[in-house]
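Report on one structure; see the data block that follows.
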């Protein structure tokens with residue numbers, strides 16, 4: 001039975017509560033103008049696991065959404081000011097501002113009106129300044145937008161001190177309009193900022209963001225998150241990063257990686273945290289207003305196939321795209337483009353990896369994606385759950401906590417297949433993930449070897465759930481080469497050799513390549529959706545570990 005009770009999920013989004021499969025209390029009040037919601041509680045007669053939730057639930061109040069940057073052209077320094085005002089109002093329980101962007105962000109703004117009933121109107125920076133002075137204060141932190149450290153220090157200070165960000169180029173404008181400089185972040189290091197305000201930051205989240213990026217400023221300030229971006233690997237810097245990660249262990253890390261993907265994701269994973277690729281996300285302070293969007297349970301538009309009549313003298317493949325964990329790809333419409341879901345579609349099933357974190361950080365985007373899915377589309381949970389992480393680096397306790405929360409999100413998003421990306425698949429990973437009630441099976445990719453290091457091997461949990469590794473990867477290859485590889489495999493669905501999980505690497509190949517590959521497959525090769533793929537393996541293949549080679 002799916003577990004998607006709204007009060008459990010809202011409590012997860014809101015903050016700390018005691019989890020139980022059998023009962024829970026409601027979330028704390030998110031209304032008013034005091035702060036974002038950050039606590040909740042529950043009780044049950046059953047055994048409980050205590051943990052904190054990962055995401056903040058912000059609130060949109062009544063009235064039109066106020067859109068800045070549409071009626072006037074803004075400089076980068078002015079955008080930082082606007083984002084800081086946006087974040088401070090969101091922090092007070094009033095996500096009233098929307099930073100105008102073209103493309104998909106214009107679509108989201110339009111749908112907020114057509115699908116959710118909230119209109120919008122233009123607002124100028126001068127009007128935002130007046131609203132800030134009237135309702136919040138007059139203080140600002142001075143920073144230098146040419147310095148990444150200065151930008152991050154200003155973002156961090158703005159959140160905990162309730163002041164706006166003013167770049168040096170706007171100082172005269174700010175002073176002449178009644179603002180007062182209270183902090184100076186121009187020469188401050190990120191470590192100095194952390195040491196000075198560590199006890200004031202909210203350590204349920206961390207922002208790794210380049211100073212050149214305006215994005216995430218609103219959300220970081222709204223949530224009082226610490227922001228930094230340490231790019232060097234000196235002993236002092238590594239010591240500092242360890243200190244920060246330990247301070248916020250078990251949190252969501254927003255933004256992206258300062259050194260490189262493998263290094264930085266592993267770094268966070270060792271502290272039980274996960275990375276949300278979101279360094280190009282705008283307006284997260286609006287899209288995370290879960291109460292406003294009113295999403296409870298989202299049902300996928302296409303159900304898995306009935307496998308009762310599926311023959312065993314076939315070779316079954318499923319094709320799933322990579323990088324669905326990238327929130328910015330959903331925010332910015334990448335996967336709706338003509339290269340992927342927006343392409344002229346074929347008449348075969350296609351799997352799309354998507355982040356269940358969108359349930360809390362973009363429920364309108366998740367709902368839009370399901371609503372506009374094609375006839376053959378089936379969604380799976382992206383790597384390795386709520387965010388990009390290497391589960392084998394977690395402690396057993398941290399992994400159990402992570403999977404307990406993930407299970408709720410799977411139920412709420414109607415996701416039953418989970419992709420895992422890691423450098424190994426130890427027993428503790430299999431045990432923890434298999435305990436999730438809403439997960440029926442898993443698709444495993446190795447971080448090295450272009451995802452196919454396990455060559456289609458299968459591993460089984462004690463409760464009969466398969467972990468099927470990637471066997472073919474559309475990564476800097478050709479449709480012909482992939483089709484030839486698959487056609488050479490046996491058409492025997494009673495063994496794991498009769499199944500192939502194909503990964504589409506979205507940065508080197510696209511949906512047109514998938515179509516071309518499918519057209520070259522032999523008649524005894526059948527393309528199925530990921531859920532059907534798992535169902536067929538569970539029904540037909542002996543529940544014994546099988547390690548395959550290339």
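Taken together, the values in this text are just the output of simple stated rules run on the coordinates, not laboratory data. Because the structure is predicted, anything quoted here is derived from the model rather than measured. Here the Cβ positions follow ideal geometry from the backbone for every residue, glycine too, while neighbour counts run over all protein chains shown.
Once you have a ≥ b ≥ c as the square roots of the Cα gyration tensor eigenvalues for the range 65-290, tell me rounded if a/c is under 1.5, and otherwise prolate or oblate according to whether a/b is larger than b/c.
On the way: a/c = 1.96, a/b = 1.33, b/c = 1.48.
Oblate.
Hey, what number do you get for the chain at 222 nm if only DSSP H runs of n ≥ 4 count, each worth -39500 (n - 2.57), divided across all residues, to the nearest 500?
Numbers: 20 runs with 185 residues, N = 550.
Estimated from H runs of four or more residues: -9500 deg cm²/dmol.
Hey, rough spin-label estimate for residue 247 and residue 306, points 7 angstrom out along Cα→Cβ, what's it come to in nanometres?
Result: 5.9 nm between the two label points.
Can you compute the modelled spin-label distance between residue 427 and residue 455, with each label point 7 Å from Cα toward Cβ, in nm?
Here the modelled spin labels are 2.5 nm apart.
Considering the zone a paramagnetic label at residue 313 would reach in this model (a point 7 Å from Cα along the Cα-to-Cβ line), which residues of the range 513-550 have amide N under 16 Å from it?
In the range 513-550, the label zone of residue 313 (backbone N under 16 Å from the point 7 Å along Cα→Cβ) covers 523-526.
How much length is gained on full extension from residue 296 to residue 135, taking 0.36 nm per residue of separation minus their Cα-Cα distance?
Numbers: separation 161, 0.36 × 161 = 57.96 nm, distance 3.27 nm.
Separation in residues times 0.36 nm, less the Cα-Cα distance, equals 54.7 nm.
Take residue 126, project a point 7 Å from its Cα along the Cβ direction, then tell me which residues of the range 161-180 have their backbone nitrogen under 13 Å from it.
In the range 161-180, the label zone of residue 126 (backbone N under 13 Å from the point 7 Å along Cα→Cβ) covers 177.
Would you please give the FRET efficiency between residue 437 and residue 494, computed as 1/(1 + (r/R0)^6) with r the Cβ-Cβ distance and R0 = 35 Å, to the nearest 0.05?
Numbers: r = 28 Å, r/R0 = 0.80.
Result of the calculation: an efficiency of 0.80.
Between residue 73 and residue 508, what is the FRET efficiency for a Förster distance of 25 Å, r being their Cβ-Cβ separation, to the nearest 0.05? Walk me through the numbers on the way to the answer.
Values: r = 36 Å, r/R0 = 1.44.
It comes out at approximately 0.10.
Expressed in nm to one decimal, what extension gain is obtained for the pair residue 234 and residue 545 from 0.36 nm per residue of sequence separation less their Cα-Cα distance? Don't skip to the end; give the middle numbers.
Values: separation 311, 0.36 × 311 = 111.96 nm, distance 4.32 nm.
Gain in length upon complete extension: 107.6 nm.
List the residues of the range 118-144 whose backbone N lies under 19 Å from a point placed 7 Å from the Cα of residue 175 along the Cα-to-Cβ direction.
Answer for this model: 138-144.
Out of the DSSP beta bridges found with both residues in the chain, what percent are antiparallel (nearest 5)? The partial results should precede the final answer.
Details: 11 of 65 bridges.
About 15 percent, rounded to the nearest 5.
Specify the angular offset, from 0 to 90 degrees and rounded to the nearest 10, of the alpha carbon long axis of helix 76-91 from the longest principal axis of the alpha carbons in the chain.
Roughly 80 degrees, rounded to the nearest 10.
Provide the FRET efficiency to the nearest 0.05 for the residue 196-residue 106 pair, computing r from the beta carbons and using R0 = 56 Å. Intermediate values should be presented prior to the final figure.
Working: r = 40 Å, r/R0 = 0.71.
Result of the calculation: an efficiency of 0.90.
Using alpha carbon centroids, what distance separates the range 400-415 and the range 237-315, in Å?
Between the Cα centre of the range 400-415 and that of the range 237-315, the gap is 12 Å.
Compute the angle between helix 530-540 and the longest alpha-carbon principal axis of the chain, please, reported from 0 to 90 degrees and rounded to the nearest 10.
40 degrees
Just to confirm the number: angle between the C-alpha axis of helix 396-413 and the first principal axis of the chain, 0 to 90 degrees, nearest 10?
Long axis of 396-413 versus the principal axis of the chain: about 90 degrees.
Here are labelled values, [x] 78, 67, 45; [y] 66, 51, 51; [z] 79, 48, 48, and one is the computed Cα extents along the principal axes in Å for what I pasted. Which one?
Comparing each candidate, only [z] matches the computed number.
Simple spin-label model, 7 Å along Cα-to-Cβ: residue 396 to residue 463 in nm?
So the label points at residue 396 and residue 463 sit 1.7 nm apart.
At a threshold of 8 angstrom on Cα-Cα distance, excluding pairs fewer than six apart, so keeping six or more, what relative contact order does the chain reach in percent?
On the way: 1260 pairs, mean separation 71.7, N = 550.
Normalised by residue count, the contact order of the chain is 13 percent.
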